[in-house]
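Heads up: the structure comes next, in structure tokens.
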Amino acid sequence: MVGAVWHQEWLLGSRRNRLYLFRWIYAGWLIVLVLYGYVHCTNEQSKRLSGRTVNSTSSFLARGSMPEIVGQWFAESFVAQQMILLVLVTPAFVAGAITDEKRRGTLQYLLAADLESRHIILGKLLGRVAQVALVAVAGLPLFALLAGFGGVQPATMLAVGVALIVPLFALASATLLASVWCRQTRDAVLALYVLGTFGGLAVWYFQGFLNYLNPLFVIA
């Protein structure tokens, strides 16, 4: 029964143009980051060779090749980019799981079907998470390529993926709960953005054991 709800959510999501639009925008943004890193390292290398400046970047360039430096820099920034993507995109994709059914007046038909509540909730959760994951994996080929140049171990790449899966499901579950409680999709999205902002500030300010809720700290 979960599979039927998941298939319906995936089918409806695949018909939305925003899914493909977000993928292209995110992939384009990552390419811009790579070009920025390459241009920055090229300028620093030119300055180092001309003897005009000696800073941390230039001294690091003296110990490695250009692909290695750019690869290491991109691999470090990619994790932060993925976290920002999940925080911004997950509420937008998941918040309408229940509120859209309420708005269209189809929720009562779904509840009257031969489905248990847990099947509906789990199917919608997996269907919406799959849509978010489809956007997030757009940058994985570029990350794997440049991380290889940067000397990042495969085990570290796997740890990055695992560390991002947990907050994805946690944020999606919280968004789905807000979708059940709220009448409008925008209310659920705004509620998650507000709670996410306060939660991030709490982790940053108090730190301590709250750092274990920060994927960047866990990976480090």
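Principal-axis analysis of the Cα atoms of the chain puts helix 185-206 at an angle of about 40° to the longest axis.
Taking trypsin sites (Lys or Arg not before Pro) in DSSP loop states with no more than 16 other Cβ atoms inside 10 Å as exposed sites, the chain has its longest site-free stretch at 64-182. With all protein chains in place and a 1.4 Å probe, the accessible surface of the chain carries 68 percent carbon and sulfur.
For the chain, the extents of the C-alpha atoms along the principal axes are 74, 39, 30 Å, listed from largest to smallest.
The values are calculated or read from the model by the stated rules, or taken from the named source; none is laboratory data. These numbers come from a predicted model, not from an experiment. Cβ coordinates were reconstructed from backbone atoms using ideal geometry, including for glycine residues, and neighbour counts include every protein chain displayed. Please note that ligands, DNA and RNA were not included when accessible areas were found on the heavy atoms of the full protein model with its side chains. Shrake-Rupley method; radii C 1.70, N 1.55, O 1.52, S 1.80 Å.
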